[in-house]
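Below is one structure, written out as structure tokens; the observations come after it.
The values are calculated or read from the model by the stated rules, or taken from the named source; none is laboratory data. From a predicted model like this one, the values you see are computed outputs, not experimental measurements. In this analysis, Cβ positions are derived from the backbone assuming ideal geometry, glycine residues included, and neighbour counts consider all displayed protein chains.
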């Protein structure tokens, strides 16, 4: 009985502290830490843990995971001594989501330097923020961004003449989407937008819309942070007002 209790305790300790127990791996073989796993690590503060933000210094200063340290990929590529931590440190790299390669490249450099306990938080800053997990935010965090607002007629013309180059995303909830949406639009509710953004092609123009602009503005900001290069916003109420087609 005592032996069983000891084994159970040992398993609990291992599951709460070992980064390398992550089930999924990157293409280079690094364990992928989930948002929930990283939150547990950040809160428990195990010895030797270093959560490393591989984004730019400006992005780090705007907002970052609480207690993360900034080592931008470009700085690490120029001088790997920027990563000046004990070789037995437990490193978790992150950047701006699943389509951001900075965390994986930083992990490879760390491996080449002799670090062995390395993981990647692939969902990155946008999903961490979306989940409301602990953040440090700077004075620029709540700065309003100006969106590229398209008229409904322009969006309709794009869907008719260049459908393969554009993705229209309805960021309302599934019920609203089912009640009526722009023909050809896909539904990614804003509450889980960053977490599901991996399905969006960065080579296409991404147009987000909601009823009046509030939720699509939030989705637009998330796309900016995810480094989508060609994004725009539309208002569904204007689409309805213009009498344009709606799919139910």
inquiry  = Going residue by residue through the stretch 100-115, is there one that turns out to be within 20 Å of residue 34 (Cβ to Cβ) and at pLDDT below 95?
reply    = yes
Qualifying positions in the stretch 193-214 - surrounded by fewer than 21 Cβ atoms within 10 Å (Cβ to Cβ) and either in a helix (DSSP H, G or I) or within 16 Å of the chain's Cα centre (by Cα) (or both) = 195, 196, 198, 199, 200, 201, 202, 214
ask   = Wholly within the stretch 47-151, which helices (runs of 4 or more DSSP H) include no fewer than the required count, namely at least 1 residues that are surrounded by fewer than 13 Cβ atoms within 10 Å (Cβ to Cβ)?
value = 57-62, 73-78, 102-112
task = Return the only residue of 91, 85 being touching a helix residue (DSSP H, G or I) at 6+ places or on another chain (Cβ under 8 Å) and modelled with pLDDT of 95 or more.
result = 91
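How many residues does the stretch 33-87 contain that are closer than 19 Å to residue 104 by Cα and touching a strand residue (DSSP E or B) at 6+ places or on another chain (Cβ under 7 Å)? It would help to see each step written out before you state the result.
Residues of the stretch 33-87 closer than 19 Å to residue 104 by Cα: 33-35, 37-38, 49-57, 59-60, 64-65, 68-85, 87.
From what's left, touching a strand residue (DSSP E or B) at 6+ places or on another chain (Cβ under 7 Å): 33, 38, 49-54, 57, 60, 64-65, 68-71, 85.
Matching residues across the stretch 33-87 total 17.
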inquiry  = Return the residues of the stretch 215-248 that are at pLDDT below 95 and not assigned by TED's automatic domain parsing to the domain that holds residue 185; say none if nothing qualifies.
reply    = 248
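Could you please let me know if residue 232 is crowded, with 19+ Cβ neighbours inside 10 Å, out of contact with any helix residue (DSSP H, G or I) (no Cβ under 6 Å at 6 or more places or on another chain) and not in a loop (DSSP other than H, G, I, E, B)?
Values: crowded, with 19+ Cβ neighbours inside 10 Å: yes; out of contact with any helix residue (DSSP H, G or I) (no Cβ under 6 Å at 6 or more places or on another chain): yes; not in a loop (DSSP other than H, G, I, E, B): yes.
So residue 232 fits the description; yes.
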